[in-house]
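J.: There's a structure below that I have some questions on.
The values are calculated or read from the model by the stated rules, or taken from the named source; none is laboratory data. Quick caveat: nothing in here was measured; it's all calculated off a predicted structure. In this analysis, Cβ positions are derived from the backbone assuming ideal geometry, glycine residues included, and neighbour counts consider all displayed protein chains. Surface accessibility is based on the protein's heavy atoms, side chains included, excluding ligands, DNA and RNA. Shrake-Rupley method; radii C 1.70, N 1.55, O 1.52, S 1.80 Å.
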Amino acid sequence: MATLLRSKLSNVATSVSNKSQAKMSGMFARMGFQAATDEEAVGFAHCDDLDMEHRQGLQMDILKSDGGEEGGEQPLEGDIHYQRDGTGPLPPSASKEAGVCSELSGQGKPKITAWEAGWNVTNAIQGMFVLGLPYAILHGGYLGLFLIIFAAVVCCYTGKILIACLYEENEDGEIVRVRDSYVDIANACCAPRFPTLGGRIVNVAQIIELVMTCILYVVVSGNLMYNSFPNLPVSQKSWSIIATAVLLPCAFLKNLKAVSKFSLLCTLAHFVINILVIAYCLSRARDWAWDKVKFYIDVKKFPISIGIIVFSYTSQIFLPSLEGNMQNPKEFHCMMNWTHIAACILKGLFALVAYLTWADETKEVITDNLPSTIRAVVNIFLVAKALLSYPLPFFAAVEVLERSLFQDGNRAFFPNCYGGDGRLKSWGLTLRCALVVFTLLMAIYVPHFALLMGLTGSLTGAGLCFLLPSLFHLKLLWRKLLWHHVFFDVAIFVIGGICSVSGFIHSLEGLIEAFRTNAED
């Protein structure tokens, strides 16, 4: 047996060495650097499921081989295949990948420090959509600034309680990690009556957020290019079509290795752009309109601002994977504190300084307020970042859709979109192209950055960051919670629900009105 195991380990190690380049993006995902590739950190959502597959794949392959080669009793199907949610085997290709990856992660899996984890969270909540925050101050005044602080505090707290739901106390009184992902937590809350319902709800929310993020990238690309070159005879819709033509090859993506090479550079470039905007605003400090910032709200548009602020803080979907890959998970709480404090300060300063500079003329995307000489350069960099960031949420959305609808064993709704040789079938490629075209159509008919961002934040952002974590915390750990934790959870659930419904209704009304206007034009 020992010889057999050593032989297996040697063979798999050789295979990993030969395929190290092809596994680049997967390694980044497990190390926690996938989130650094994009402010929304969408890759981690897919990484959660893969993490469990990687950890189980080797053990399941060894059990299967031992049973066959030693002549012993064949293991049950549930022992051969890792079952993501308790029923149904993984696809053969996924099991193969899991076996290889678990070899890599089983003994020498790289872990990330608290600083590296903080970098990932910072990229998730300090991303490109910060450009919409000054518009939120326009409709909320000082209350908008308060909400930036309040959202940071609540999202920090719900991130911590979400991680607490991953752990339970064993028979010896030790706290052990019994779950690995947001989906696991959701399924545990709905068990035993509906063991997969919670996971499906989380997956639907995840898909909506990912697709809406793709749409926002197309919208912002068309908006920035149109405002950068207003003298050209090209409309914003035409710029969106051009951007989508550039993005169409995303339908052929097999992995994100090529995209990840530019990710860190894009993130650093975005921070530089934010600094440039703040520097320009500071140069006009003498003209700041302090009298325009008041304690008032625009009743019709302020709920949209709530969604914008919440959407800028969304990171909960990848936190379980991130915490599981930390060298010292005990540092997670401290990491969440300083990242959200830093985000709160930077976002508040950025939003306030930008609003003071342009006051009532503040636009949905703040860079559109810059002088034409600076605007074109800054916007071109932002468009490049948006186009390079688009493949990440698109690829993650495709993975979730394919896994849920086409590759979920006997429970799949449609035939497998991959052939026996692992190649994507032609109709599967057509569906991917259709998803790209769908993001274009939405961007053309509803080219309103703030409305789309507010709708997404009110619907999926509030759900994933406010409602579900507090609900899951109460459901799984209510017997061990102190009274003030129960109070906080209930208060967050109620306040989050009210803000979510209000923001969703107002954003939806604005989108319907905008859709009708564009349809008439």
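J.: How many of the residues making up region 343-374 are in a helix (DSSP H, G or I) and open to solvent by less than 40 Å² (accessible area, probe 1.4 Å)?
T.: Total satisfying the criteria: 18.
J.: Is it the case, given these coordinates, that residue 114 is over 25 Å from residue 382 (Cβ atoms), more than 17 Å from the chain's Cα centre (by Cα), modelled with pLDDT under 90 and not polar (S, T, N, Q)?
T.: Yes, satisfied.
J.: Next question, about the same structure. Listed residues 311, 332; which is in contact with an Asp or Glu (Cβ under 9 Å, 6 or more places away or on another chain), under 30 Å from residue 157 (Cβ atoms) and at pLDDT 90 or above?
T.: Checking each option against the conditions leaves just 332.
J.: Shifting gears a bit: How about region 315-342: which of its residues are out of contact with any strand residue (DSSP E or B) (no Cβ under 9 Å at 6 or more places or on another chain) and open to solvent by 10 Å² or more (accessible area, probe 1.4 Å)?
T.: Within region 315-342, 317, 328, 330, 331, 333, 334, 337, 338, 341, 342 meet the criteria.
J.: Which pairs do you get when a residue that is polar (S, T, N, Q) and modelled with pLDDT of 90 or more, found in region 177-201, comes within reach of a residue that is buried (at least 17 other Cβ atoms within 10 Å of the Cβ) and not in a helix (DSSP H, G or I), reach meaning Cβ atoms under 9 angstrom, with the pair 6+ apart or on two chains?
T.: 187/85; 187/179; 187/196
J.: Return the only residue of 205, 188 being in contact with a Lys or Arg (Cβ under 7 Å, 6 or more places away or on another chain), assigned to a helix (DSSP H, G or I) and of a type in the set (A, V, I, L, M, F, W, C).
T.: Within the list 205, 188, the selection yields 188.
J.: In region 193-233, which residues are open to solvent by less than 40 Å² (accessible area, probe 1.4 Å) and either among the charged types (D, E, K, R) or more than 30 Å from residue 463 (Cα to Cα) (or both)?
T.: 209, 225, 227, 228
J.: Now a separate question. Taking the condition among the polar types (S, T, N, Q), over 24 Å from the mean Cα position of the chain (by Cα) and within 30 Å of residue 227 (Cα to Cα), does residue 456 pass?
T.: No, not satisfied.
J.: Follow-up question, since we're still on this one. Somewhere in region 164-175, is a residue at pLDDT 90 or above, crowded, with 23+ Cβ neighbours inside 10 Å, assigned to a helix (DSSP H, G or I) and touching a Leu at 6+ places or on another chain (Cβ under 8 Å)?
T.: no
J.: Taking the residues in region 226-284 that are more than 30 Å from residue 357 (Cβ to Cβ) and part of a loop (DSSP other than H, G, I, E, B) as candidates, determine which candidate is modelled with the lowest pLDDT.
T.: Ranking the qualifying residues of region 226-284, first place goes to 256.
J.: Looking at (1) of a type outside the set (Asp, Glu); (2) within 16 Å of residue 114 (Cβ to Cβ); (3) in contact (Cβ under 8 Å) with a residue 24 or more places away in the chain, can you tell me which one residue 330 breaks?
T.: Going through (1) of a type outside the set (Asp, Glu); (2) within 16 Å of residue 114 (Cβ to Cβ); (3) in contact (Cβ under 8 Å) with a residue 24 or more places away in the chain one by one, residue 330 breaks only (3).
J.: Against the definition (in contact with a helix residue (DSSP H, G or I) (Cβ under 8 Å, 6 or more places away or on another chain) and open to solvent by 30 Å² or more (accessible area, probe 1.4 Å)), how does residue 492 come out, yes or no?
T.: no
J.: So how many residues does region 148-163 have that are of a type outside the set (Val, Ile, Thr), within 20 Å of residue 355 (Cα to Cα) and open to solvent by 30 Å² or more (accessible area, probe 1.4 Å)?
T.: Number satisfying all stated conditions: 1.
J.: Can you name the residue in region 379-408 that is open to solvent by less than 30 Å² (accessible area, probe 1.4 Å) and of a type in the set (Asp, Glu) and, of all such residues, is nearest to residue 439 (Cα to Cα)?
T.: Out of the qualifying residues, it is 402.
J.: Among the residues of region 402-417, is there at least one that is assigned to a helix (DSSP H, G or I), at pLDDT 75 or above and hydrophobic (A, V, I, L, M, F, W, C)?
T.: Within region 402-417 (the criterion being assigned to a helix (DSSP H, G or I), at pLDDT 75 or above and hydrophobic (A, V, I, L, M, F, W, C)), the answer is no, since none of the residues qualifies.
J.: Check off (1) surrounded by fewer than 21 Cβ atoms within 10 Å (Cβ to Cβ); (2) closer than 22 Å to residue 306 by Cβ for residue 449 and give me the number that stays unchecked.
T.: (1)
J.: Failed condition for residue 163, given (1) over 18 Å from residue 343 (Cα atoms); (2) without any contact (Cβ under 8 Å) to a residue 40 or more places away in the chain, with all others met?
T.: With respect to (1) over 18 Å from residue 343 (Cα atoms); (2) without any contact (Cβ under 8 Å) to a residue 40 or more places away in the chain, residue 163 is out only on (2).
J.: For residue 135, are the conditions met, namely being more than 24 Å from residue 334 (Cα to Cα), surrounded by fewer than 22 Cβ atoms within 10 Å (Cβ to Cβ) and at pLDDT 85 or above?
T.: Answer is no for this residue.
J.: Residue 296 fails exactly one of the following numbered conditions: (1) in a helix (DSSP H, G or I); (2) touching a Gly at 6+ places or on another chain (Cβ under 7 Å); (3) farther than 21 Å from residue 161 by Cβ. What is the number of that condition?
T.: (1) is the only condition that residue 296 fails.
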